[in-house]
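I have placed the structure first, in the form of structure tokens, so that the comments after it can refer back to it.
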Amino acid sequence: MAFEGLADRLQNTMAKIRGKGKVSEADVKEMMREVRLALLEADVNFKVVKDFIKRVSERAVGQEVMKSLTPGQQVIKVVKEELTILMGGEQSKIAVSNRPPTVIMMVGLQGAGKTTTTGKLANLLRKKYNRTPLLVAADIYRPAAIKQLETLGKQISMPVFSLGDQVSPVEIAKQAIAHAKEQHHDYVIIDTAGRLHIDENLMDELQQVKEISKPDEIFLVVDAMTGQDAVNVAGSFNEQLGLTGVVLTKLDGDTRGGAALSIRAVTNTPIKFVGLGEKLDALEAFHPERMASRILGMGDVLSLIEKAQTNVDADKAKELEQKMRTMSFTFDDFLDQLSQVRSMGPLDELIGMLPGANKVKGLKNVQVDEKQISHVEAIIKSMTTKEKEQPELMNASRKKRIAKGSGTSVQEVNRLLKQFEEMKKMMKQMTNMTKGKKKGGMKF
Ligand code: GDP
């Protein structure tokens, strides 16, 4: 997971000071030395670290901490606030033009994830904000970039405007915007031409595209794994084009976090979105405070709830509750529930959002066995409708057939049946408990 080393070190440092009834200047100094090392090791820009330490130290030996009743906790609060400020403070929203379409220009070097992010962003705009974006294939240099965007468009059933690779990106942008107006698209997302390195030709061309398309947003896509290089790239693009935001990709990898913590301070450009995987729904708005909270092991329950709200069907959840109450929960419901949880993202990522998750022994290194989950799905899918509804029918020959059909073993089938029975038992107990409480007239 991203930030792991940094999170570990900072959390250990914070644990030492948390319970202190008194915090001396020496304590603060000692702590700041550790925080400084942790940040430098996470590849945070040297000057950014220096300024950060200065600000936290000043506040930590100031009145707000020394006079408080819980100085240890107060110091941690200061660190969290300053980390949040470092990453941009408030969440930075995406522009909405009052003369649609809103034009977004995506820029970046090859391989950063620009084309993928263009698709992800369109998907997010539609799913979360109900928008109707038009994707524009203007990366005419990277072989296959146009085809890639067209494929992405198909996957999310969204139109892609393309004129092939023989027309200049400037002309493509111009015609695309006219087309979007005609077709009443409210967003236009232009996947511009990338290069392997920053060069004059690239910048000239991007400036021309900017001139003709008058974008409301210019998003630079950078790869978080490249650390300080990402920060330098952001600096150059910002100088030449005036960025309105950065999309930091590949934050699902084990990046040390330097780019996320330095970009805002060095380039004065906010991180607006983060890429968390190769799939088309793996793009999220960046919330500095939630990220600071995650780094300090305080969890990110808000993001978890949002994920549940966008991915879990409320009607289905209600139906499920009803089934639990009436004890008519079947294997099909079980499968349904499993797929809803899975649609929220990889399970280890979800676990990472729980407060203190990486402090719980065993949980931190938990390798959620996705294969085992697919086995469960396969087993349930191999059952007949009757078997799904009445597991008590299951005898040796049925189990054998199911194991064979799902490519698993009889032991695995047995294990699942047992788990399902236990779950039903638990539901029964819960239902009885609530009934009991109701009789007693208790509020709950
Ligand atoms: P472009 O040259 O900048 O347009 O880059 P692409 O969009 O083709 O992406 C390059 C590679 O990075 C592809 O294999 C993508 O699947 C992958 N990629 C993009 N964003 C992410 C991300 O957030 N996480 C991960 N793990 N991979 C990503």
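The values are calculated or read from the model by the stated rules, or taken from the named source; none is laboratory data. What you see is a predicted model; the values in this text were computed from it and never measured. Here Cβ is always computed from backbone atoms with ideal geometry, including for glycine, and neighbour counts include all displayed protein chains.
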Determine if the range 62-69 includes at least one residue that is buried (at least 18 other Cβ atoms within 10 Å of the Cβ), over 12 Å from residue 296 (Cα atoms) and out of contact with any Ser or Thr (no Cβ under 7 Å at 6 or more places or on another chain). yes
Look through 97, 57, 68 and report the one residue that is within 30 Å of residue 151 (Cβ to Cβ) and more than 16 Å from the ligand (Cβ to nearest atom). 97
When residues of the range 18-37 are limited to those that are part of a loop (DSSP other than H, G, I, E, B) and surrounded by 13 or more Cβ atoms within 10 Å (Cβ to Cβ), the one modelled with the highest pLDDT: 23
Looking at (1) closer than 23 Å to residue 222 by Cβ; (2) touching a residue at least 24 places away in the same chain (Cβ under 8 Å); (3) in a helix (DSSP H, G or I), which one does residue 146 not meet, given that it meets all the others? (2)
Which residues, counting only those in the range 282-296, are buried (at least 20 other Cβ atoms within 10 Å of the Cβ), more than 15 Å from residue 263 (Cα to Cα) and within 14 Å of the ligand (Cβ to nearest atom)? 282, 283
Residue 173 being crowded, with 19+ Cβ neighbours inside 10 Å and more than 23 Å from the chain's Cα centre (by Cα): yes
In the set 112, 138, 122, which member is within 11 Å of the ligand (Cβ to nearest atom) and either touching a Ser or Thr at 6+ places or on another chain (Cβ under 7 Å) or modelled with pLDDT of 90 or more (or both)? 112
Where a residue in the range 185-197 is farther than 19 Å from residue 111 by Cβ and its partner, wherever it lies, is near the ligand (Cβ under 10 Å from one of its atoms) and assigned to a loop (DSSP other than H, G, I, E, B), with Cβ under 9 Å and at least six apart: none
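For the range 380-419, which residues satisfy the criterion of being aliphatic (A, V, I, L, M) and either in contact with a His (Cβ under 9 Å, 6 or more places away or on another chain) or within 18 Å of residue 335 (Cβ to Cβ) (or both)?
Quick first cut of the range 380-419, residues aliphatic (A, V, I, L, M) only: 380, 383, 393-394, 396, 402-403, 410, 413, 416-417.
Residues satisfying the conditions are 380, 383, 393, 394, 402, 403, 413, 416, 417.
Please verify whether residue 198 is among the β-branched types (Val, Ile, Thr), surrounded by fewer than 16 Cβ atoms within 10 Å (Cβ to Cβ), under 21 Å from residue 246 (Cα atoms) and within 16 Å of the ligand (Cβ to nearest atom), treating the condition exactly as stated.
Numbers: among the β-branched types (Val, Ile, Thr): yes; surrounded by fewer than 16 Cβ atoms within 10 Å (Cβ to Cβ): yes; under 21 Å from residue 246 (Cα atoms): yes; within 16 Å of the ligand (Cβ to nearest atom): yes.
Considered against the rule, which asks whether it is among the β-branched types (Val, Ile, Thr), surrounded by fewer than 16 Cβ atoms within 10 Å (Cβ to Cβ), under 21 Å from residue 246 (Cα atoms) and within 16 Å of the ligand (Cβ to nearest atom), residue 198 comes out as yes.
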Set 72, 89: member being crowded, with 16+ Cβ neighbours inside 10 Å and touching a helix residue (DSSP H, G or I) at 6+ places or on another chain (Cβ under 9 Å): 72
Going residue by residue through the range 242-252, is there one that turns out to be touching a residue at least 60 places away in the same chain (Cβ under 8 Å), more than 10 Å from the ligand (Cβ to nearest atom) and among the basic types (Lys, Arg)? no
